[in-house]
Amino acid sequence: MDKIKFLDLGRQPIANRFLNEDEFENEFFYNLSVGFDQDTGLVTQMDYVDAPMMFNDEYAYRGSMSKTMRDHFAKFSKYFKDNIQRSPKVLEIGSNDGVFIKNWNKKTTFAVEPCGNFAQETNDMGYETYAQFWDIDTSSEILEDQGKMDLVFSANCMCHIPDLDGTFKAIQNILADDGLFIFEDPSLERMVNLNSYDQIYDEHPHVFSVTALQNILNRNNLSVVKVEKLEVHGGSNRIYVKKTNKANEDTSVEDNLTLERNMGLDKLSVLDDFAEKVHTSKNDLLNILTRLKNENKKVISYGATSKSATIFNYCQIGVDLIQYITDTTPEKQGKHSPGMHIPIITPEEGFDNSVDCAFLGAWNFAKEIKNKEKDFTGKFLTHVPRVRLL
Ligand code: JHZ
């Protein structure tokens with residue numbers, strides 16, 4: 001890869017590692033910088049954190065914590081069965097706590113999940129789960145045990161894997177000749193337009209454009225046949241892929257490639273502008289939080305997200321500016337946020353009308369949260385698409 005660096009987000013911790021006080025001293029940090037690969041147009045980190053540092057038996061993120069995501073996967077699963085294939089043989093890569101597979105038949109659905117705690121959970125639910133990383137060896141092992149797959153599905157996982165060629169070769173290996181590989185991840189177009197630089201953290205080595213994906217898939221004899229724009233996770237793309245010799249392209253592919261070309265996402269200058277805006281966003285956020293502090297307002301954060309780890313560490317926001325974070329995930333409660341060590345408590349303990357302002361760490365669920373917190377008399381604060389009180 002011929003990468004050119006365009007953004008430096010500074011010293012960062014493992015975004016999903018929530019700590020007890022006695023773990024602060026030995027916390028791991030790395031430098032988070034992002035580059036543009038001139039060969040493929042891929043936006044990718046300059047250096048990658050080793051996967052087992054992030055994905056292990058203590059992994060804390062649960063995909064099923066939001067109704068939005070539970071509904072999202074239930075709706076897609078129904079759509080697939082009603083419109084594409086009623087009873088496919090399915091493999092999910094990165095099954096987390098089973099939020100997607102629970103919509104599918106236990107006998108014909110298989111999963112890969114490297115975080116042992118969650119692999120155990122989905123095995124207990126009755127879905128055969130391989131507790132290992134996705135690569136050609138895993139693919140061959142599942143092929144031998146279960147045969148070819150009609151649907152390989154993956155949500156918020158492909159952008160987590162540094163070696164995309166190896167990943168796609170392993171998919172090519174297990175996909176039935178007429179099978180579909182469908183995956184969804186945050187979109188570069190949305191990140192640039194929303195200035196949501198917090199989509200970048202250790203677990204997201206890449207932020208995908210359709211352009212870059214098409215380049216990398218094509219050299220592995222796979223082709224994008226359809227692109228759907230999704231609202232989830234701050235704007236994602238659902239990419240439908242087939243083996244190149246079976247591919248029949250929908251107009252949505254060219255539409256998205258044209259949109260990205262018109263935005264200049266295939267050029268470094270647009271990403272340099274984005275980096276400038278990220279810097280402005282940091283200053284604006286620090287200004288507003290400092291003003292609120294000087295006015296003696298009670299400011300907290302809503303949702304101990306990976307995304308907010310990037311923001312808090314890049315902007316150096318600690319307990320002097322944000323008193324605590326509330327989060328519904330049991331694994332995060334009672335711990336401290338990565339890097340800046342802000343305490344995390346339950347919403348029952350910490351979210352009430354004594355709070356003047358709540359920063360939306362989970363801004364991607366703003367609609368769900370505002371709906372749930374109708375009685376909140378304070379203000380929400382967000383940084384997307386620009387820093388403002390809602
Ligand atoms: P959420 C994770 O990112 C990590 P994060 C990962 N790398 C990825 O790609 C994306 O997910 C998909 C809490 N919450 O989904 C639950 C409330 O407290 O934005 C979660 O901890 N109250 C795999 O961490 C967090 O917020 C609520 O009402 O950035 C949301 O995390 C709701 C709705 C959520 O992902």
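The values are calculated or read from the model by the stated rules, or taken from the named source; none is laboratory data. Owing to the predicted nature of the structure, the values given are computational and were not obtained by experimental measurement. Counting neighbours? That spans all protein chains shown, and the Cβs are built from the backbone with ideal geometry, glycine included. Each accessible area value is taken on the protein alone, full model and side chains, heavy atoms only, with ligands, DNA and RNA left out. Shrake-Rupley method; radii C 1.70, N 1.55, O 1.52, S 1.80 Å.
Computed quantities for the displayed model
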read-out: Whole-angstrom gap from region 152-229 to region 307-348, using each part's C-alpha centre; value: 29
read-out: Range of Cα positions in region 222-300 per principal axis (Å), largest first; value: 63, 28, 17
read-out: Among 223-229, 46-52, 28-34, 210-216, the order from most to least packed when residues are scored by Cβ within 10 Å on average; value: 210-216, 223-229, 28-34, 46-52
read-out: Three-way shape call for region 85-184 based on the alpha-carbon gyration tensor, with the a/c threshold at 1.5; value: rounded
read-out: Relative contact order for region 194-326, counting Cα pairs under 8 Å that sit 6 or more residues apart, in percent; value: 23
read-out: Approximate spin-label separation HIS279-SER64, in nm, with each point projected 7 Å along Cα-to-Cβ; value: 4.6
read-out: Estimated FRET transfer efficiency (ARG261, LYS379; beta-carbon r; R0 45 Å; 0.05); value: 0.70
read-out: Equivalent ellipsoid dimensions for region 282-365 as semi-axes, Å, which come from the Cα gyration tensor, largest first; value: 19, 15, 11
read-out: Relative contact order of region 335-390, defined on C-alpha pairs under 8 angstrom at six or more residues apart (%); value: 28
read-out: Cα-centred dipole magnitude for the chain, charges only on beta-carbon of K, R (+1) and D, E (-1), debye, nearest 20; value: 1440
read-out: Spin-label pair LYS107/LYS81, simplified geometry with 7 Å Cα→Cβ offset, distance in nm; value: 1.4
read-out: Given charges at beta-carbon only (K, R positive; D, E negative), |dipole| of region 75-172 in Debye; value: 680
read-out: Selection from ALA15, LEU292, LEU389, by position along the positive dipole direction of the chain (Cβ); value: LEU389
read-out: Of all accessible heavy-atom area on the chain, the percent that carbon and sulfur account for (1.4 Å); value: 46
read-out: Globularity ratio of region 103-154, using Cα Rg and 2.2 N^0.38 Å; value: 1.07
read-out: Per residue accessible area in Å² of the chain, where ligands, DNA and RNA are left out and the probe is 1.4 Å; value: 42
read-out: If the convex hull is drawn through the Cα atoms of the chain, its volume per residue in Å³; value: 132
read-out: Gain upon complete extension [ASP250, SER269; 0.36 nm per residue less C-alpha separation]; value: 3.9 nm
read-out: Label-to-label distance, nm, for residues given as ASP124 and PHE29 (7 Å Cα→Cβ offset); value: 3.7
